[in-house]
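The values are calculated or read from the model by the stated rules, or taken from the named source; none is laboratory data. None of these values were measured; they are calculated from a predicted model. When we count neighbours, we look across all protein chains shown, and the Cβ atoms used for this are built from the backbone with ideal geometry, even at glycine. Ligands, DNA and RNA are stripped out before the accessible areas are found, and what is left, the full protein with its side chains, is counted by its heavy atoms. Shrake-Rupley method; radii C 1.70, N 1.55, O 1.52, S 1.80 Å.
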Amino acid sequence: MPCNCCEITDNTFGEDDAKANLKDYRKRGPAKQTKLILEAIRSLKLKDIALLDIGGGIGTIHHELLADSTAQSATHVDASSAYLKAAEAESAKRGNSERVQFIHADFTDVASEISQADVVTLDRVVCCYPNFRELLKSASSHAKRAVVMTYPREWLWLKFGLMISNFIQWIIRNPFRVFAHPIAEFDALMNEQGFKRTSTRRLLIWEMALFERNS
Ligand SMILES: C[S@@+](CC[C@H](N)C(=O)[O-])C[C@H]1O[C@@H](n2cnc3c(N)ncnc32)[C@H](O)[C@@H]1O
């Protein structure tokens, strides 16, 4: 589906959000749902992996995994220039500038130019993107070992809340929408791509899924 998603997303996740997120991360550490992703990756007992973080925001996942040597290098592709700038600044502060490649783009537009990684992460990203099938297909084709993602649970009340928030966006003529995509379709697509779900963990709003490539 052609869409000017990068521009819409770029306008949505701006500098104020990025600054607030970074401040929060420095004060409190990773958010609860991000911790689930980190725990899932660490449960694989890998060392020195190449990580591809799609829509990584301020870069929490690579900051954490580079710090404990789970990752040796990371590629961070993000549609938000403000988030990417904040992630880059934090990487520099941690002495990791040489180990992280930052790419400002809609991942589906640049996927063919990006190398495979051991693990691919999408933390609260599929819910910001209309064409989750294309995004997940591209993401999984880049994962040698695993894809780890978080997304909204399929609660009825949550879907209702998203409908209201999307309706308000429509009224104020903001084109950004949040999506509660069907979780069963994530699994069907990932199975087709040669992955199986090996772990699921849930919070009130977010669900985390670890998909490992079939050996
Ligand atoms: C809700 S934020 C989550 C940021 C971070 N992962 C976190 O959990 O704090 C969604 C992020 O996904 C990015 N994003 C959404 N769709 C994308 C796409 N197709 N390609 C690259 N980045 C994307 C946005 O720019 C934004 O940084």
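Listed values, structure above:
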item: Percent of C-alpha pairs per 10 Å bin, segment 5-213, short to long; result: 9, 36, 40, 14, 1
item: Sum of -39500 (n - 2.57) over DSSP H runs of 4+, divided by residues of the chain (222 nm, nearest 500); result: -13000 deg cm²/dmol
item: Protein accessible area in the chain, 1.4 Å probe - carbon and sulfur %; result: 52
item: Estimated dipole of segment 5-213 in Debye, rounded to 20 [Cβ of Lys and Arg +1, of Asp and Glu -1, Cα centre]; result: 780
item: Pairs beyond 20 Å (Cα-Cα), from Lys23/Lys85; Lys93/Lys144; Lys32/Lys144; Lys45/Lys144; Lys144/Lys196; Lys23/Lys93; result: Lys93/Lys144; Lys32/Lys144
item: The chain - share of DSSP beta bridges that are antiparallel (%, nearest 5); result: 40
item: Accessible area per residue, Å², segment 46-129 with all protein chains present, probe 1.4 Å; result: 37
item: Nearest-0.05 FRET efficiency for Lys144 and Ile164, computed from C-beta distance (R0 35 Å); result: 0.30
item: Label-point separation, Glu134 to Arg28 (7 Å along Cα→Cβ), nm; result: 3.5
item: Solvent-accessible ranking of Arg202, Arg124, largest area first, probe 1.4 Å; result: Arg202, Arg124
item: Amide N of segment 178-208 lying under 17 Å from the label point, which is placed 7 angstrom from the Cα of Ala20 along Cα→Cβ; result: 178
item: Proximal charge balance of Leu158 [Cβ under 14 Å; K/R count +1, D/E count -1]; result: +2
item: Residue-wise HN-Hα coupling along segment 62-70, computed from phi with Karplus coefficients 6.51, -1.76, 1.60 (Hz; x: Gly, Pro); result: 6, 4, 6, 6, 6, 5, 9, 6, 5
item: Backbone HN-Hα couplings from phi across segment 46-59 [Karplus 6.51/-1.76/1.60, Hz, Gly and Pro as x]; result: 9, 10, 6, 7, 9, 10, 10, 10, 9, x, x, x, 7, x
item: Residue-wise HN-Hα coupling along segment 171-178, computed from phi with Karplus coefficients 6.51, -1.76, 1.60 (Hz; x: Gly, Pro); result: 4, 8, 6, 9, x, 6, 10, 10
